[in-house]
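The values are calculated or read from the model by the stated rules, or taken from the named source; none is laboratory data. Computed from a predicted model, the values in this text were never measured in an experiment. Because the Cβ atoms are built from the backbone with ideal geometry, glycine has one as well, and the counts that use them run over all protein chains shown. We work out accessible area using only protein heavy atoms, side chains counted, and drop any ligands, DNA or RNA first. Shrake-Rupley method; radii C 1.70, N 1.55, O 1.52, S 1.80 Å.
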Amino acid sequence: MNIIIKNGMIVNARESFKADIKIEDGIISTISNEIKPERHDSVIDAKDRLVFPGAIDPHTHFSNKGFKDDFESGTKAAAVGGVTSIINMNDGLEKKDTLIEHFDRWKDKAYSSVIDYSFHTIISGPSYNENTLNELDILAKKGIKNIKLFTAYKGDKMVNDREMYKIMKKAGELNFNVLVHAENGDIIDESVLEFIDNGKVDAIYHSYSRPPIVEAEATERVLAIAEVTNSKVYVVHVTCKEALEQVEKAKRRGVNAYAETCTQYLVLDESYLKLPKFESAKYVCSPPLRQKSDQIKLWEGIKNGTISVVSSDHCAINFTNKKKGGEENFSKIPNGMPGVEDRFLVLYHFGVNNKNISLNDFVNVVSTKPAEIFGLNQKGSISVGKDGDLVILDPNRTKIISSKKQFQQVDYTPYEGVEIKGDITNVISRGEEIVSDGKFTGEIGRGNFLI
Ligand code: URP
Ligand code: ZN
Ligand code: ZN
């Protein structure tokens, strides 16, 4: 069936204009001042509404060990939150796994996705071996061109500089995207021990054990290795002025570098880690929440193009789980917070309504740039020939965020009680209305694997 969206204000990354949109067989076929519906066309009237390209969240943690959302609940939450494609951070390899077995297993796990999806594959220090680089060739043939490395979490995910150099060199030859979590793991591990030994166990010490300089040092090192290996690097969850400056400097000298930040770093700050009754645990993530002055730099980074993407880094960890053991030792609090369902509206509200960024900047970082960087050529803008992935937003409605009403399977949201001016009314994925008047109407398993 064809679908026509009439009378809306189309917002792309470079322009906004009033026009009708027709989607035929899942693809945008016409954009013009007035499209007359034919007999079997379905019509949505978007008068006084904004029509955006479907959001892309390239940093979710669905079906990760110990996390509540799987691909079904996670992608439903994403869909009602305006997301029509995700790229998931799959768990790292089990020791005996090959990269290919790992990929096939995650393809099975993702079968229930309700929106389009792809993967990032973690290569950790412990799983790195002499076959890893050869396997990257095979992975590329399967359509995966994104790998993720960590410079923190020693003994679990961390790669050393030598491993990073070898992996990035190969990645450069294969045109992969190398995503990196950049914090100096050795310094963090040592300062965590020092704080705990001195009885400094509260959640705020999570932040004090990972100061901006620790993020900036690792960011600079990662960018240097990307430069010498001629590879494309994407620094995930950049949080602070110091790390952002390293990205700026690297970009200026021609490094193929991109920076991502996440909604939480733009709107929440370190003071949340001092909340009483262990509420602070809800806000423990790595790198940690920073200062208001860092938020100003991050908004500027979006405006001047240093930051290309705002993701959710959605980690569905229940508050009850965060409490276990964490009250006596902050390093036992699992890292990460939920956000896939809230990212679009929270960024729209605090970004666009509060005049920190323009509507077009907003589209750029939630849809257009993620599509460009990760090669999702059918996604990222409302143009003829692209997939019919759209989000319709009523800027005059208000919504109060509450975890009780959410699809994500977490017992809290960091944005509880926040009043948003604007609400998503419809989400269309490849020409199919999967959210109608805020309600999920899609089918389980309808998502396509994106190559
Ligand atoms: O804390 C966050 N952001 N996620 C959990 C895993 C990680 O990347 O540190
Ligand atoms: Zn991370
Ligand atoms: Zn993450």
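Taking the Cα atoms only, what angle lies between the long axis of helix 71-80 and the longest principal axis of the chain, rounded to 10 degrees? On a 0 to 90 degree scale, this one is about 50.
The residues packed around Gly438, meaning those with a beta-carbon under 11 Å from its beta-carbon, carry a net charge of +1 if Lys and Arg are +1 and Asp and Glu are -1.
Nonpolar atom fraction for the chain, defined as the carbon and sulfur part of the 1.4 Å probe accessible area, stands at 47 percent. Residues whose amide H comes within less than 5 Å of that of Gly143, counting only those at least five positions distant or on another chain, are absent (H built at 1.01 Å from N in the peptide plane). Between Met1 and Asn33, the modelled labels are 3.0 nm apart [label points 7 Å from Cα along Cα→Cβ]. Counting only alpha carbon atoms, the long axis of helix 241-252 and the longest principal axis of the chain meet at about 70°. Straightening the chain between Lys332 and Asp411 buys 26.5 nm, computed as 0.36 nm per residue apart minus the Cα-Cα spacing. For the chain, the solvent-accessible area of protein heavy atoms averages 39 Å² per residue (probe radius 1.4 Å; ligands and nucleic acids excluded). The listed peptides 416-422, 366-372, ordered by packing as a protection proxy, come out as 366-372, 416-422 (highest mean of other Cβ atoms within 10 Å first). Only Lys, Arg, Asp and Glu carry charge here, each on its Cβ (+1 for the first two, -1 for the last two); on that basis the stretch 156-302 has a dipole of about 500 debye about its Cα centre. With semi-axes defined as the square roots of five times the eigenvalues of the C-alpha gyration tensor, the equivalent ellipsoid of the chain measures 35, 25, 21 Å, largest first.
For the stretch 204-218 versus the stretch 1-73, the inter-centroid distance based on Cα atoms is 40 Å. The H on the amide N of Leu275, modeled in the peptide plane, is under 5 Å from the matching H of Ser280, each at least 5 residues off or on a different chain. Each other residue within a Cβ distance under 11 Å of Thr75 adds +1 if Lys or Arg and -1 if Asp or Glu, for a net charge of -4. Under a model in which nothing but the beta-carbon of Lys, Arg (+1) and Asp, Glu (-1) is charged, the chain shows a dipole of about 420 debye around its Cα centre. Most simply put, the chain has about 45% antiparallel DSSP beta bridges, counting only bridges with both residues inside it.
Backbone amide hydrogens, once placed in the peptide plane, bring Leu93 within less than 5 Å of Ser124, excluding anything fewer than 5 places away on its chain. Taking a point 7 Å out from the Cα of Glu101 in the direction of its Cβ, none of the residues of the stretch 133-153 has a backbone N less than 14 Å from it. Normalised by 2.2 N^0.38 Å, where N is the number of residues, the alpha-carbon radius of gyration of the stretch 111-208 equals 1.35. Of the GluC sites (Glu not before Pro) found in the stretch 122-225, the ones in coil according to DSSP and having at most 14 other Cβ atoms within 10 Å of their Cβ are Glu130.
Measuring nothing but alpha carbons in the stretch 133-290 and taking Rh as the Kirkwood radius, the Rg to Rh ratio lands at 1.02. In the chain, the longest principal axis of the Cα atoms and the axis of helix 99-109 are about 50 degrees apart. Each peptide in 399-407, 244-252, 47-55 was scored by the mean count of other Cβ atoms within 10 Å over its residues; highest first, the order is 47-55, 244-252, 399-407. For the peptides 293-299, 26-32, the ranking by mean Cβ contacts within 10 Å, running from highest to lowest, is 293-299, 26-32. A Förster radius of 60 Å combined with the Cβ-Cβ distance from Ser42 to Asn198 puts the calculated FRET efficiency at roughly 0.40. Each residue of the stretch 22-36 is assigned a 3J(HN,Hα), and the resulting list reads 10, 10, 10, 6, x, 10, 5, 9, 9, 10, 7, 3, 9, 10, 8 Hz, derived from the Karplus form 6.51 cos²θ - 1.76 cosθ + 1.60 (θ = phi - 60°), x at Gly and Pro. Each stretch of four or more DSSP H residues adds -39500 (n - 2.57); spread over every residue of the chain, this sum gives -8500 deg cm²/dmol at 222 nm.
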